[in-house]
Amino acid sequence: MSNIINTLNAPAPIGPYNQAVFAGNLLFVSGQIALDAQTGELVMTNLATETNKVMNNIKAILEAAQLDFSHIVKTSIFLKDMGHFAQVNEIYGSYFTGNFPARETIQVAALPKNVNVEISVTAYKA
């Protein structure tokens, strides 16, 4: 059985998908980019601002599901330029306080709305 998670505190989907879906005890959070939930505008002042916005969008969805970053078991990071890896990795890591999830980081040719970073996560609710 699945349960849809949507919150006004994260950007509305820009296509035919949901912000997140519970399937049993697993929460699958769709890829998040640096969209502001209230304005729908991109937040891309610099790479740090963009990455923090992505992580805060993920945080809002996790909170709507009554979870936090400690529940994440898998992350996928998509970068337009692998040269941004170190800076994105540092910011990403600052959102975790203990055991880090499994992860892959992939360079792609392009991302939605021409952003530099998109992150999706899978979380586990015991």
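The values are calculated or read from the model by the stated rules, or taken from the named source; none is laboratory data. Computed from a predicted structure; not experimentally measured. As a convention, Cβ positions derive from the backbone with ideal geometry for all residues, glycine included, and neighbour counts pool all protein chains shown. With ligands, DNA and RNA removed, areas are computed over all heavy atoms of the protein, side chains included. Shrake-Rupley method; radii C 1.70, N 1.55, O 1.52, S 1.80 Å.
Data for the structure
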read-out	value
Accessible surface of segment 20-122, 1.4 Å probe, proportion on carbon and sulfur as whole %	50
Where labels lie 7 Å past Cα in the beta-carbon direction, separation of THR49 and ASP81 in nm	1.7
Aspartates and glutamates with Cα under 18 Å of LYS80, excluding same-chain neighbours fewer than 8 positions away	GLU50, GLU90, GLU104, GLU118
Phi-based couplings in Hz for segment 97-110 (Karplus 6.51, -1.76, 1.60; Gly and Pro marked x)	10, x, 5, 7, x, 5, 7, 10, 10, 10, 8, 10, 6, 7
Cα centre as origin, Lys/Arg/Asp/Glu Cβ charges: the chain dipole, Debye	220
Order of exposure, largest accessible area first, which applies to SER70, SER120 with probe 1.4 Å	SER70, SER120
In Hz, Karplus ³J(HN,Hα) per residue of segment 80-86 (6.51, -1.76, 1.60; θ = phi - 60°; x = Gly, Pro)	6, 9, 5, x, 8, 3, 4
Pair ALA37, PHE96: separation of 7 Å Cα→Cβ label points (nm)	2.3
Per residue accessible area in Å² of the chain, where ligands, DNA and RNA are left out and the probe is 1.4 Å	52
Reachable lysines from LYS74, criterion Cα separation under 18 angstrom, eight or more residues apart if same chain	LYS59, LYS125
Length added when fully stretched, ASN114-GLN66, from 0.36 nm per residue minus Cα-Cα	14.2 nm
